[in-house]
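The values are calculated or read from the model by the stated rules, or taken from the named source; none is laboratory data. The model shown is predicted, which means the values in this text are computed figures rather than measured ones. As a convention, Cβ positions derive from the backbone with ideal geometry for all residues, glycine included, and neighbour counts pool all protein chains shown.
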C-alpha cells in the first residue's frame, strides 16, 4: 500500500471516527451529562477528564500533520467523554480496535501508542464507574464461565507451546484484548441503551470499512485485475476477515436504524442501499466461507420474518437456492485456485483433528498450530504461507485440547439459544450471530475480538429473567 493510498484511507477513517464520536455523544449523553454535573462538586473527576482530553488533542496535533488533525480531535474528545461515560469509552475502544488506524500509518508514533492509551482509558473509566456505584454484583451465566474457562485453558496451553515466550507474548497481544473487551461488556453493558451503543458502533465501523474498500477497488490497480480479492490491512488484511467483519457489523446497523429513522420509506431505502453495498464488498472478497455466512444470515432473517412453518417450507429453500446460485456464480477465482483452496482446507482440518486427538488435555499449545502442522499433515503441498486451521473450532481443539474446544463451543451454543429466544425482539442480533458464526466455521477467529463481541452482546441483560442468572 502506497503512502498516498494510506493517507486517503486515513482520511476516510477520520470521517468514520468523527461520525462515531458524534453518534456516541448522542447515545451516551445522559451519562456524559451526569459526569459534567460533577463539575459543581469538589473531588470529582470531570475536570481531570477535560484536562486529559485537551492534552491528548494537543499532543495529537503536535504528532500528526494537518491532514490528520480531525483524528487527533476525535481521540481527544474520546478521552474527555470516555472518562465521563464508561459506555462511551467501551464503544470507542471497540471501534478503534476494529478500524486500527495505527496499522494504516504504522510509522506514526502517536498512533502507535493509541492501543495502550485505549487500555488505560478503559481501566480508568471502569475504576471510576466502580468507585461511584455500590452495585458490585457481577451477573454470571454458564456462558460467561465457559468463555473465562476457555481463556484460562488457552493460557495454560502456552506452557506446552514450542516457544513459551512467543506464545505468551502473542496471547497478551491478541487474546487478552478480546478477553478484556468481553469482560468489560459483561460488567458495564447492563442496559438496553448500552447494547444499542455497541451495535451502533459496530455498524459505523462496518460502513467505514465498506467505504475504504470501495475506494481501494477504484484506486488500487492490483484490485482491478480479474480474480483479485478485496482486502485491507492488519487485522482485516485477509479478504475472509474483512467479509466476516461486515457479516457481523451490517445486520447490527440495520437493526439500530429502526430506532434512528422514523420514516419507514426512508429507513427501508437506506437499509437496502447499505445492504447492497455490504454484500457487494463481500462478493469482492471472493470468500466462499463468507458466502455461506451470507446465506445463513438470510436464512435467519427469513426465519424471523416468515415465522410460520408453512411459509418457511415454501419460501426458504427457493430463496436460498436462488441466492446461493447468484452468489457463487460471482466467484472469479480460477478452478485450480478453488480446488487448491478446498484440498488445503481439508488438510488443515485433518491436521487439527489429529493434534486434538493426540494431545487431548492441552493441545499442541497456543499459537503452535503452524509450527507443528507438518508433523500431523499428510502432505505439505497446501496453499498459503501462514498455515492455520481455517476453522475457529478446529483451531481451538488443536491448540487447547478437547476441554478448550468444548468450552468455546458451549459458550457459542449457549449464547445462540439466548439470541434465539429473543429473535423476534432483537432480530438484528440473531441474524448477525448466525451469519458470523457460520462464516467463522471456515476462519481462524478463535482468539480475535469478533466472536467475543457477539457473545458479550448476546449475553447482555436486555430482557433476561433473574432466574437464568447467578449473582456472585
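Might you let me know whether region 251-267 holds any residue that is within 21 Å of residue 9 (Cα to Cα) and in a helix (DSSP H, G or I)?
No - not one qualifying residue is present in region 251-267.
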Could you check region 156-247 for helices (runs of 4 or more DSSP H) lying wholly inside it with 1 or more residues that are closer than 16 Å to residue 87 by Cβ, modelled with pLDDT under 90 and within 20 Å of the chain's Cα centre (by Cα)?
-> 176-188, 192-219
Selection status of residue 424, modelled with pLDDT of 90 or more, surrounded by fewer than 22 Cβ atoms within 10 Å (Cβ to Cβ) and touching a helix residue (DSSP H, G or I) at 6+ places or on another chain (Cβ under 7 Å) = no
With the checklist (1) modelled with pLDDT under 90; (2) surrounded by 16 or more Cβ atoms within 10 Å (Cβ to Cβ); (3) in a loop (DSSP other than H, G, I, E, B); (4) within 26 Å of the chain's Cα centre (by Cα) in hand, flag the one item residue 363 doesn't pass.
-> (1)
